[in-house]
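Quick note: the coordinates plus some simple rules give every number you see, no bench work behind them. In this text the structure is predicted, and so the values were computed from the model without any measurement. In this analysis, Cβ positions are derived from the backbone assuming ideal geometry, glycine residues included, and neighbour counts consider all displayed protein chains.
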Amino acid sequence: MATETQPAIFLPRVTVYAVKFLCGEFDRESTGSEKVEGPVKPGNYATAINIHNPHPSKPISFSKKAVLLFAGSKPDPSQELERPLPPGPILGADLRPDWGMEIDGFDIRKRLLPNAPEAPVFIKGWVVLETFAPWPLDIEAVYTGHTFRDGKPEGFSIATERIVGTSIINPWLFPGAAGAPGSAVAPAGPTRSR
């Protein structure tokens, strides 16, 4: 008795790249005597996110958005702690084979977060890229910064980070799946024992 081989089923997957950003100037005039800790140490910060399509012959499409988690130039003791915030507008992008692009603080403020305060006000959060392509994007984040002494720039720092994507089955195809619209899954929260 012969068995019939069934074709493999491939579920659409989305690859999500979440890149931390820090842009602008924070707490230039700090005396060090403040009683409220800020989201970063006093300094001037910049982020550049480099994106490359490594495929030699196929273009790639992806979406991009940003989530603003903090905006301000001083620590704010009245700010609500651990508050979830929504992303800004979702924009599309395309890269030809072997082409690249950069998203920096100017792009984040003008395109991804059009309601963010103008530079040099400090902002931080996430830039999120998503693609259905079966190959990964090359993404590298470059972070630069310096601190202040007596209100003047001092020192310099540079760091790079390779961003690895997270591959997930597209939740929009499975209503009721955790994270999909209309999901009955309750959000995680603190638990208390009695």
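Brief remarks follow.
- Listed peptides 68-81, 150-163 by packing density, highest first (mean Cβ within 10 Å): 68-81, 150-163
- Cβ-derived FRET efficiency at R0 22 Å, PHE70 paired with PHE156, nearest 0.05: 0.45
- For the residue pairs LYS41/LYS65; LYS64/LYS152; LYS20/LYS152; LYS41/LYS110, alpha carbon separations beyond 30 Å are given by LYS64/LYS152.
- Gained length - LYS110 relative to TRP135, 0.36 nm times residue gap less alpha-carbon distance: 6.1 nm
- Cα-derived Rg over Rh, computed across the range 73-150 with Rh taken as Kirkwood radius: 1.01
- Hydrodynamic radius by Kirkwood, which averages 1/r over all alpha carbon pairs of the range 13-173, in angstrom: 17.0
- Ranked packing of 54-64, 88-98, most packed first, by mean Cβ within 10 Å: 54-64, 88-98
- Near-label residues of the range 114-133 by backbone N, under 19 Å of a point 7 Å along Cα→Cβ of LEU85: 114-129
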